[in-house]
Each structure stands twice: as structure tokens, then as C-alpha cells.
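Laboratory data are not the source of any read-out in this text; all were calculated from the coordinates shown. Everything quoted here is computed from the prediction, not taken from an experiment. Cβ sites come from the backbone with ideal geometry, for glycine too, and all protein chains shown count toward neighbours.
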Amino acid sequence: MTLHDLPDQFESFGDARKQGFIAVKDLKDQGKKVVGNFCTYTPVELFLAAGAVSVGLCAFSDETIPEAEKVLPGNMCPLIKASYGFAVTDKCPYMYFSDLIVGETTCDGKKKMYELLSDFKNVHVMQLPQTQKDEASRALWYSEVLRLKERVEEEFGVTIAEDDIKRAIRLKNEERELLKEFYELSRAVPPPMTGAEQLKVLYGSQFKFDIEEKNKELRETIDKLKAEAAVGAEKVPASSKRILITGCPLAGVTEKIVAAIEESGGVVVGYENCIGIKPNELLVDEEAEPYRAIADRYLQIGCSVMTPNDNRMALLSRLVKDFKVDGVVEMTLQACHTYAVETAAVRCLMQKGNVPFISVETDYSTSDAAQLKTRLGAFIEMI
Ligand code: BJ8
């Protein structure tokens, strides 16, 4: 499917990334500050409260990997190499326009890459605790949120007032609630959209910078899908095997996984990973002290860099039931050790629930597309 084939309710999100390049340049021309980030742990409410624009940086193509490998080891996660490659070549307009780049000490590769990035970009690294349940972790992360607030205020010459941060929290919560309402439409049997269409909206929504406008468009998209379902439109055969995707972030070239599933009689009903459900399930408590509420919310994200990572397991168990899942496909990126090791725990969880499970490892090349199609096709056939 090309972007131009998208039904109109998905169209505006289909080319949002491309349009976002123009939009971010316009915003810079208007004097807006831009903050680039790489990860779901980044508390973007702080940037919005400071009047800055928050952008997700380019990390999903192999285009700049050869350049990155002049510095980074070849046997490293492609997401890290791509991120660094886009920075070093200045081929990512979002990176180019960023006044500040915020990263976190998530996996080893990322935190070491940030050191190199700091040599030529303005980088702030948050010290992310690696466990979620103890008070010391909670206190550390809270202090890191406050340290980021100070950095943003100093960098942009602003003071974030209580009303600013509360408004930013409200807006982001609204966006998350709308995204949740959107992807939960696929709990229906059959779902009202394919997984490829769902992904266009989830990924595309990251490149719309006016949140109020984005929320309006999300509302329209949801309403159109609901209206179509109400008149009995069936876009996906009811017999399609319902697949939940988990693992590393998936977009760009790794959409080959979605294509392999959906060309083999499956339909992706949900994305548990950082492109879909994981970043949107939790809300920031609007009644609590804002910075404490932000810190507590972000620290609960179930990424494999946490030990133990019970929150991912709890979320997966719930999603399998809620989305009436027939099978779970995990995608790990080559040399992502935390997700690769955690595969054993996810497999065990699925075995206990009698849920078919497969884990595939890939990178940002297209050379394994046929092999993935064979493996995922066989998986769907045996469900
Ligand atoms: S919250 S998933 S966005 S860290 S794939 S770079 S973990 S070696 S991307 Fe991630 Fe934040 Fe977690 Fe989400 Fe390292 Fe693994 Fe590469 Fe990864």
C-alpha cells in the first residue's frame, strides 16, 4: 500500500512525518524552541510547558548506518546506529532543528552513544533508575525530572509556572486518551482497520506538533471508523488471525514485520511496544503535585531496561485478553540484549496462557523480508 492509497481517515497521518519537516521549520522561523528526544521515558510535558516543541528524532532507517559505523561498532542495535548516523550527517531535519536533545540512561548502547553525540550536539542525559518499585528509584527519577525542568528553563530563558505544567499535563493526557480510544477500536472482531493503517496513525501522530489540532484530527478519525463500523463495513475478514506485536520499537523499515503478517492471513490488532500502547496506557495524575506525578507516571513504563520488568508482563497478559489475541509476535532488533534476554520470560508467560508465540530478530535491511514472510506465514498457519 502506498501513502496515496490510504482511506481518507488515515491520510493525514500517513504523510505526517514528511509534513512535519516543513512544520518544524516554520515553527523555528517563528522563533519556537525545539527539543528532540529518542525515548518513551522522556517527560515531554516539560517542553510543552516551556512553550517549546517536542519532536521524536529519526531512528528507523538504514540510510545513515554506514556513516555511523565509522565510529560505532557494527554489531550494535540498528536503532542506535541510525540515531547517531542521522545526527552526524545532519540528515534528520528534526535533529538539525533541535535546540536541545534529551536522552536517558536506558540501555548501554544508547547511553554510550549519547556521550559521542554530546561532542557536537547540545545533549541533556537523564539518569534513569533501572528498577521501578523502590523509594530510592522513585526519589532519583523525581530529582531528574526537576533537573530537566531547570535545564529547560535555563536553556530557553523561561520560567515554567504551575499553570503551564498543569496545562501541558492535561493536553498530553487528552492525546493519550484519544490514542487509546483509537487503538482500542481494534478490540472489535473483525477490527475496523488493518495493522498497517493503525500504525500510520500511531507513528504519524508523533509528527503533528499542534496538540489541540492533533487531538481534533484523532477525534475525527475515531468517529469515521466508528461510523463505518456502525453501517457494517468490514475491511478485515473476520477469519484473520489476530496478532499482538511486542518487543523493540517498530516503524520505517521494520514495518516489513507487519507486511509479512498481513500478507499471510493475519491482522495486527495491537502494538504493545513503544510505537503504540506502551507510551499511551498510563496517564499523569492531574490531582497530584505535577512533577511528582510526571516522575511517577514515566517510571512505570515497562521497558526491558528495567529489572525486573513486571509491568511489561502485566500489560501483555491484559492485552492478550482485551484484544482477543490469537498469537503474539515479538520483534527484537539485532544486538538488543535486554529485549533478547527477556524473550524467555515472555515465551514462558505465553506458554502458561496457551498463547502461540514467536520471536523474530531483524535489523534495518530488507534482505530478510522473504525469510520473515516464510517464518511468520508458517506461524500464522499453525495457529
Ligand atoms: S522505553 S524500548 S524507546 S529504551 S532496541 S536502543 S533498548 S538496544 S529503543 Fe527503547 Fe525507550 Fe525502552 Fe522504548 Fe537499546 Fe534495545 Fe536498541 Fe532500544
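Directionally averaged projected area (the chain, Cα convex hull): 18.0 nm².
Quick one: which of 102-111, 25-34, 340-349 comes out on top by average Cβ neighbours within 10 Å, and what's the full order, highest first?
With the highest mean Cβ count within 10 Å placed first, the list reads 102-111, 340-349, 25-34.
Only helices enter the 222 nm calculation for the chain: every DSSP H run of n ≥ 4 contributes -39,500 (n - 2.57), and dividing by all residues gives -15500 deg cm²/dmol, rounded to 500.
The coefficient of translational diffusion for the stretch 1-79, derived via Stokes-Einstein from the alpha carbon Kirkwood radius under 10 °C and 1.306 mPa s, stands at 103 µm²/s. Only lysines eight or more places from LYS373 in sequence, or on another chain, were considered; those with a Cα closer than 19 Å are LYS241, LYS256.
On a 0 to 90 degree scale, rounded to 10, what angle separates helix 108-117 from the longest Cα axis of the chain? The two axes meet at around 40 degrees.
If you average over every viewing direction, what projected area does the convex hull of the Cα atoms of the stretch 28-123 give, in nm²?
Values: hull surface 23.7 nm².
Over all viewing directions, the stretch 28-123 projects a mean Cα-hull area of 5.9 nm².
The angle separating the long axis of helix 290-299 from the principal Cα axis of greatest extent in the chain is about 40 degrees.
Quick one: net charge of ILE65's neighbours, Cβ under 12 Å, K/R +1, D/E -1?
Taking every other residue near ILE65 into account, the sum is -2.
Compared with the dominant Cα axis of the chain, that is its longest principal axis, helix 135-156 is turned about 60°.
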